[in-house]
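S.K.: There's a structure below that I have some questions on.
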Amino acid sequence: MTLDEIIKSAMGEKEADILLTNARIIDVFSGEIVSGNIAIAGGYIVGFGSYPAKKVMDIENRFVSPGFIDAHVHIESSMTCITEFARAIIPLGTTTVFADPHEIANVLGADGINYMLQSSRQQPMNIYFTLSSCVPATDMETSGARLGADDLSPFMDNDRIVALAEMMNYPGVIHRDPEVLRKIEMAKTHGKPVNGHAPGLTGKDLYAYIAAGISSDHECTTAREAKEKLNAGMHIMIREGTAAKNLLSLISIVNERSSSRIMWCTDDRNPHDILEEGHIDSMVRKAIHAGIDPVIAIQIATINPANYFGISDVGAISPGRRADLAVFSDLHNPCIEQVYYGGVLVAQEGKMSPEIKKPVPAAFQPSMNIGNKEIDFSIPAQAKRLRVIDIIPDQVITNQSIVEAAVSDNKVVSDITRDILKIAVVERHTGSGNIGKGFVRGFGLKKGALSSSVAHDSHNIIVVGTNDEDMKTAVESVVKMGGGLAASCESKICATLPLPIAGLMSQEPVYAVREKVEKLLEVARDFGTTLNDPFMTLSFLALPVIPELKITDKGLVDVNQFCIEPLFAD
């Protein structure tokens, strides 16, 4: 529509395309709920009240909210391509996401970002991107690509690139790494915010990080940490993913005075949780059930991220904004019944409308290159004590401890009686033959091994197991599939999930991916795991920017010291 036509429609001089009547409109500006009609023309809201319209739809006194917004998400963590991800979350009321293609960028570089931009077009939702700032996040791992400021610069003029993504290399900021500072300056020059990623950062280190221009953080795990960052001027993205669930721990910071600087995000959520729990809608419900005013919970899910990212045509029900709407009956337990995108009913009662066609995304060749060396997970005993990664359930942070090594035939081995299992990362991008080896406590496996090419952030192949042979079998299966997840026992494969797109994503529907994930989880439980999602937990144990002890293809990483640590403590 031309501006002239929009004004005519708003004046009632030209028929609106659709008039939604008898709606209880959630006004995220005033915090009020107003009964009335919503006039839509050309995909945009043009006014309220009585309007001539080509089509009239009775909302039947239900609530109408702006479509929900995910302030920070890695689509790749759904393990589905963008098309299937969209078809999974749109019926849940999410009409806009701000996605960081960091995972595929670490595998394929600029080609990965371009793939995400290309395959996100013509979807029945708004998909914006933040530009991956840390590819790789550190030099303590081998990634598939390196993206410097010069590599990122051409993307800055793309109108769907709205920010510099999470700056995970906070030591690089604090210690003024020239390349890190160039990326920040580049975003500021283009008038785009810089998202943060600074778990546990406090005091003068935090102030320096914020002073550099970094304006948000999604890594808070305690209310104290979130309040310090909030008081220092940051916007806080409260995360409720699969591996990291922080909403209830942080809910106390949300009040009428602070809520305008808070957003919801899922960060990393697997297919099972999307289909069983929901998406941003589940966070809205959880916040309401925890005592947050329903309208405030919805403001956090809508207008706040729109304002933060400077997207002025989403996030609210007002003239000039896109008619992206979520309809539900119960304000205190909002379960989405209808979803409109640009004034078109795209989902109803949990299902996409049949007339919405499914674009076919591009595919990539398998990206597994582990070299020709024999895979050897054995660890000669060099001392009596060794460092162990200690898992914290439902968190991506870990602890570490020093334990007595279990030794057999002069080699350190897993000790299932103490739940201390061998863990390894096999480099898969350059064929270097690198294998980082260590031990982890908290998986609970009594037999078998689990392996995955989803291993944040460089996505080498990570494996945990009770014995070397099963670990090797699982890794070889991942390579053969061109990427994916595998569980093995007694040198046999028990369950798999192929992820042929960069070793991260499938083109199958999300429910089909979920079925395979559930089979893997069933097998893992049979192996003895005590974790809700051992594969998601496993994937974050390779992330060397979140404390405390992690593992990469180069070995154990002490994240607090930002250095490689020896396995043995003596």
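S.K.: Is it the case, given these coordinates, that Tyr340 is in a helix (DSSP H, G or I) and touching a residue at least 12 places away in the same chain (Cβ under 8 Å)?
M.R.: No; evaluated as a whole, the condition is false for this residue.
S.K.: Being part of a helix (DSSP H, G or I) and either within 17 Å of Leu543 (Cα to Cα) or touching a residue at least 24 places away in the same chain (Cβ under 8 Å) (or both) is the filter here; which residues of the range 191-217 pass it? Before you say what the answer is, go through the steps one by one.
M.R.: Residues of the range 191-217 part of a helix (DSSP H, G or I): 203-211.
Passing the criteria: Asp205, Leu206, Tyr207, Ala208, Tyr209, Ile210.
S.K.: Also, quick follow-up: Filtering the range 16-41 down to residues that are in a loop (DSSP other than H, G, I, E, B) and surrounded by 14 or more Cβ atoms within 10 Å (Cβ to Cβ), which residue is farthest from the chain's Cα centre (by Cα)?
M.R.: Asp17
S.K.: Could you tell me whether any residue of the range 165-176 is at pLDDT 95 or above and aromatic (Phe, Trp, Tyr)?
M.R.: no
S.K.: If you take the residues in the range 276-313 that are surrounded by fewer than 19 Cβ atoms within 10 Å (Cβ to Cβ) and assigned to a helix (DSSP H, G or I), which one is modelled with the lowest pLDDT?
M.R.: Glu276
S.K.: Within the range 112-168, can you find the residues that are hydroxyl-bearing (Ser, Thr, Tyr), in contact (Cβ under 8 Å) with a residue 60 or more places away in the chain and in a loop (DSSP other than H, G, I, E, B)?
M.R.: Ser133, Thr138, Thr142, Ser143
S.K.: Tell me, please, whether a residue that is under 10 Å from the mean Cα position of the chain (by Cα) and surrounded by 24 or more Cβ atoms within 10 Å (Cβ to Cβ) can be found in the range 79-97. It would help to see each step written out before you state the result.
M.R.: Filtering the range 79-97 down to residues under 10 Å from the mean Cα position of the chain (by Cα) leaves none.
Within the range 79-97, none of the residues are under 10 Å from the mean Cα position of the chain (by Cα) and surrounded by 24 or more Cβ atoms within 10 Å (Cβ to Cβ).
S.K.: On to the next question. For the structure I just gave you, tell me whether Asp293 is more than 20 Å from Thr95 (Cβ to Cβ), of a type outside the set (Val, Ile, Thr) and touching a His at 6+ places or on another chain (Cβ under 6 Å).
M.R.: No, not satisfied.
S.K.: On to the next question. Out of all the residues in the range 218-225, is one or more in contact with a helix residue (DSSP H, G or I) (Cβ under 7 Å, 6 or more places away or on another chain), free of Cβ contacts under 8 Å to residues at least 60 places away in the same chain, surrounded by 15 or more Cβ atoms within 10 Å (Cβ to Cβ) and under 30 Å from Ser259 (Cβ atoms)?
M.R.: Yes, some residue in the range 218-225 is in contact with a helix residue (DSSP H, G or I) (Cβ under 7 Å, 6 or more places away or on another chain), free of Cβ contacts under 8 Å to residues at least 60 places away in the same chain, surrounded by 15 or more Cβ atoms within 10 Å (Cβ to Cβ) and under 30 Å from Ser259 (Cβ atoms).
S.K.: Does the range 378-405 hold any residues that are surrounded by 13 or more Cβ atoms within 10 Å (Cβ to Cβ), in a strand (DSSP E or B) and not basic (Lys, Arg), and which are they?
M.R.: Leu386, Val388, Ile389, Asp390, Ile391, Thr398, Asn399, Gln400, Ser401, Val403
S.K.: Here is a further query. Which pairs turn up if I take residues in the range 423-446 that are among the hydroxyl-bearing types (Ser, Thr, Tyr) and look for partners that are in a loop (DSSP other than H, G, I, E, B) with beta carbon separation below 7 Å, at least 6 apart in sequence or on another chain?
M.R.: These pairs meet every condition: Thr430/Thr142; Thr430/Asn369; Ser432/Thr142; Ser432/Gly371.
S.K.: Okay, next question. For the range 406-424, which positions are of a type in the set (Ser, Thr, Tyr) and either under 23 Å from His456 (Cβ atoms) or loosely packed, with under 14 Cβ neighbours inside 10 Å (or both)? Break it down into steps so the answer makes sense when it comes.
M.R.: As a first pass, look at the range 406-424 and keep what is of a type in the set (Ser, Thr, Tyr): 408, 414, 417.
Correct list: Ser408, Thr417.
S.K.: Take the conditions touching a residue at least 60 places away in the same chain (Cβ under 8 Å), buried (at least 24 other Cβ atoms within 10 Å of the Cβ) and touching a Gly at 6+ places or on another chain (Cβ under 8 Å) and apply them to Ala455. Does it pass?
M.R.: On the way: touching a residue at least 60 places away in the same chain (Cβ under 8 Å): yes; buried (at least 24 other Cβ atoms within 10 Å of the Cβ): yes; touching a Gly at 6+ places or on another chain (Cβ under 8 Å): no.
No; evaluated as a whole, the condition is false for this residue.
S.K.: Mind checking whether some residue in the range 529-536 is surrounded by fewer than 19 Cβ atoms within 10 Å (Cβ to Cβ), within 26 Å of Asp468 (Cβ to Cβ), in contact (Cβ under 8 Å) with a residue 60 or more places away in the chain and not hydrophobic (A, V, I, L, M, F, W, C)?
M.R.: For the range 529-536, residues surrounded by fewer than 19 Cβ atoms within 10 Å (Cβ to Cβ), within 26 Å of Asp468 (Cβ to Cβ), in contact (Cβ under 8 Å) with a residue 60 or more places away in the chain and not hydrophobic (A, V, I, L, M, F, W, C): present.
S.K.: Quick one: His459 ticks every box in (1) in contact with a Phe, Trp or Tyr (Cβ under 8 Å, 6 or more places away or on another chain); (2) within 21 Å of Ile391 (Cβ to Cβ) except a single one, so which number is it?
M.R.: The single condition His459 does not satisfy is (1).
S.K.: Yes or no: the range 189-204 includes at least one residue that is among the small types (Gly, Ala, Ser) and farther than 23 Å from Ile397 by Cα. Reasoning before the result, please.
M.R.: Within the range 189-204, the subset among the small types (Gly, Ala, Ser) is 191, 196, 198, 200, 203.
Imposing the further condition that a residue be farther than 23 Å from Ile397 by Cα reduces the set to 191.
The answer is yes; a qualifying residue exists.
S.K.: Here is a follow-up. Give the range 224-239 a look and list any residue that's of a type in the set (Lys, Arg) and under 19 Å from the mean Cα position of the chain (by Cα), or say none.
M.R.: Residue satisfying the conditions is Arg239 alone.
S.K.: Please count how many residues of the range 232-244 are more than 22 Å from Thr302 (Cα to Cα) and without any contact (Cβ under 8 Å) to a residue 60 or more places away in the chain.
M.R.: Total meeting the criteria: 1.
The values are calculated or read from the model by the stated rules, or taken from the named source; none is laboratory data. Everything numeric here is computed off the predicted structure, so don't read it as measured data. Here the Cβ is made from the backbone with ideal geometry for all residues, glycine too, and neighbour counts use every protein chain on show.
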